[in-house]
Amino acid sequence: MNELTWVEVSKGAIRNNIRCFREIIGKGKILCPCVKANAYGHGLVETAEVFLDSGADWLAVNAIYEARSLRKNGVDAPIYVLGYVPLDSLEEALRLDCRLVVYNKETVEKLGVIAEKLGKIAKVHLKAETGNNRQGLAEENLLELAKFIKTFKNIEIEGLSTHFANIEDMTDHSYAEVQLAKFVSAINLLEENGINIPIKHCANSAAILLFPETHFQMVRPGIAAYGMWPSNETYLSYARKHENGVGLIPALTWKTKIAQIKKIPQGEFVGYGCTYKTTHDTTLAILPVGYYDGYDRGLKDAYVLIHGKRAYVRGRICMNIIMVDVTDIPEAKIEDDVTLLGKDGDENISAELFAKWAGTINYEATTRINDRIPRIYV
Ligand SMILES: Cc1ncc(COP(=O)(O)O)c(C=O)c1O
């Protein structure tokens, strides 16, 4: 590998995770993994292809540029856009055959005009506000928008969705239960008013794993499709209910290689701000990766793996360089592989551990790995 840093993605792990989800939800339901945020850092197009080859039915993206990239690369599966589509992008969205979430009259009006012009049927999904207070509409407004959509002959209401606010942060799921009840109430209200919703969906990873009653006709797993648990709380909640694990396998390993080895005496400062002083004669390995790449400058007590052993980061993380202590790894030499995130021998830097060092969550740890860094599929 002639790159300074790269990400290895295990296709086998992704295939395994999709199989796990299919087993959990059963046949006949739409499995729609989320490939937004560069497929949670795993690489948009190739990961999407592996998902589809492994039995996923649809793909969820956040924005039109992601849908454009998938279509350009020959992906013809249904694409569901989770995020806001600007009015000026609606025509492209329709040309790309995207399913859109709608919660504004302005969007519906413009979509109706464009769909008619293109001779297409725009498939839209309503979004019910059930307690997250980001996208979506409360019941009365939802019904009003649904009735408005019905006045456009080129728009079809294909789905109704909502999103849980507090399903992975706690082992007490009462808030999620209230949200589910509100979702069911929204479904009933629409159906009582003659608005048929073929595809109802609300389940993210935690909901899929913990609550079969959230599966409806489609599920939208993100983090767990990549083999990571949404949180410790979800893991614990699952373990309380089930004797056997799910068998998720993390798919991502992030690597770099040693650029220089240097010996420095005790009492020397390392890096910007002179924040670290060596406590012993030290051998440092200089690594060509930094916060520009997504190796967060705020990481505390972080280490990397070299020859299956821990090498602690010394001094401040720079934009493109970090320094690690290899005093106890005498075999380390220039261009040896270094694992920044993932397994090496018996050691493992999980996304959860990496996230803990950065004071964040596993979602951010993998999505922040710079998109420019090559993804290699193994
Ligand atoms: C609307 C929506 N659905 C599904 C997901 C997937 O969530 P998770 O990664 O927790 O499975 C997300 C992720 O943020 C989302 O925003």
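The values are calculated or read from the model by the stated rules, or taken from the named source; none is laboratory data. Worth saying up front: this structure is predicted, and the values here are computed from it rather than measured. Cβ: placed from backbone, ideal geometry, glycine included. Neighbour counts: every protein chain shown.
Below, the figures for the structure above:
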quantity: Residue among LEU100, LEU90, LEU126 that is outside any loop (DSSP other than H, G, I, E, B), in the same structural domain as TYR175 (by TED's automatic domain parsing) and away from the ligand (no atom under 16 Å from the Cβ); calculated: LEU90
quantity: Only one of LYS356, LYS343, LYS333 that is surrounded by fewer than 16 Cβ atoms within 10 Å (Cβ to Cβ), under 20 Å from TYR226 (Cα atoms) and out of contact with any Phe, Trp or Tyr (no Cβ under 6 Å at 6 or more places or on another chain); calculated: LYS343
quantity: Restricting region 201-230 to residues that are hydrophobic (A, V, I, L, M, F, W, C) and away from the ligand (no atom under 11 Å from the Cβ), the residue that is surrounded by the fewest Cβ atoms within 10 Å (Cβ to Cβ); calculated: PHE211
quantity: Any hit, region 184-192, residues being away from the ligand (no atom under 13 Å from the Cβ), under 29 Å from LEU59 (Cβ atoms) and buried (at least 23 other Cβ atoms within 10 Å of the Cβ); calculated: yes
quantity: Yes/no for ASN244 being more than 12 Å from the ligand (Cβ to nearest atom), within 18 Å of THR366 (Cβ to Cβ) and out of contact with any Ser or Thr (no Cβ under 7 Å at 6 or more places or on another chain); calculated: no
quantity: Neighbours by Cβ (under 7 Å, 6+ apart or cross-chain): first from region 32-44, among the basic types (Lys, Arg); second assigned to a strand (DSSP E or B); calculated: LYS36/ALA60; LYS36/VAL61
quantity: Qualifying residue in region 189-198 (condition: free of Cβ contacts under 8 Å to residues at least 60 places away in the same chain and within 24 Å of GLY55 (Cα to Cα)); calculated: yes
quantity: Any hit, region 163-176, residues being touching a Cys at 6+ places or on another chain (Cβ under 8 Å), crowded, with 17+ Cβ neighbours inside 10 Å and in contact (Cβ under 8 Å) with a residue 40 or more places away in the chain; calculated: yes
quantity: When residues of region 134-155 are limited to those that are within 16 Å of the ligand (Cβ to nearest atom) and outside any strand (DSSP E or B), the one nearest to LEU82 (Cα to Cα); calculated: GLN135
quantity: Residue among GLY308, GLY290, GLY294 that is free of Cβ contacts under 8 Å to residues at least 40 places away in the same chain, closer than 26 Å to TYR377 by Cβ, crowded, with 17+ Cβ neighbours inside 10 Å and more than 16 Å from the ligand (Cβ to nearest atom); calculated: GLY290
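Residue by residue, here is whether (1) closer than 27 Å to THR339 by Cβ; (2) touching an Asp or Glu at 6+ places or on another chain (Cβ under 8 Å); (3) not assigned by TED's automatic domain parsing to the domain that holds MET323; (4) not in a loop (DSSP other than H, G, I, E, B) holds:
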| residue | (1), (2), (3), (4) |
| --- | --- |
| LYS200 | no, no, yes, yes |
| PRO230 | yes, yes, yes, no |
| GLY247 | yes, no, yes, no |
| LYS262 | yes, no, no, yes |
| THR279 | yes, no, no, no |
| VAL289 | yes, no, no, no |
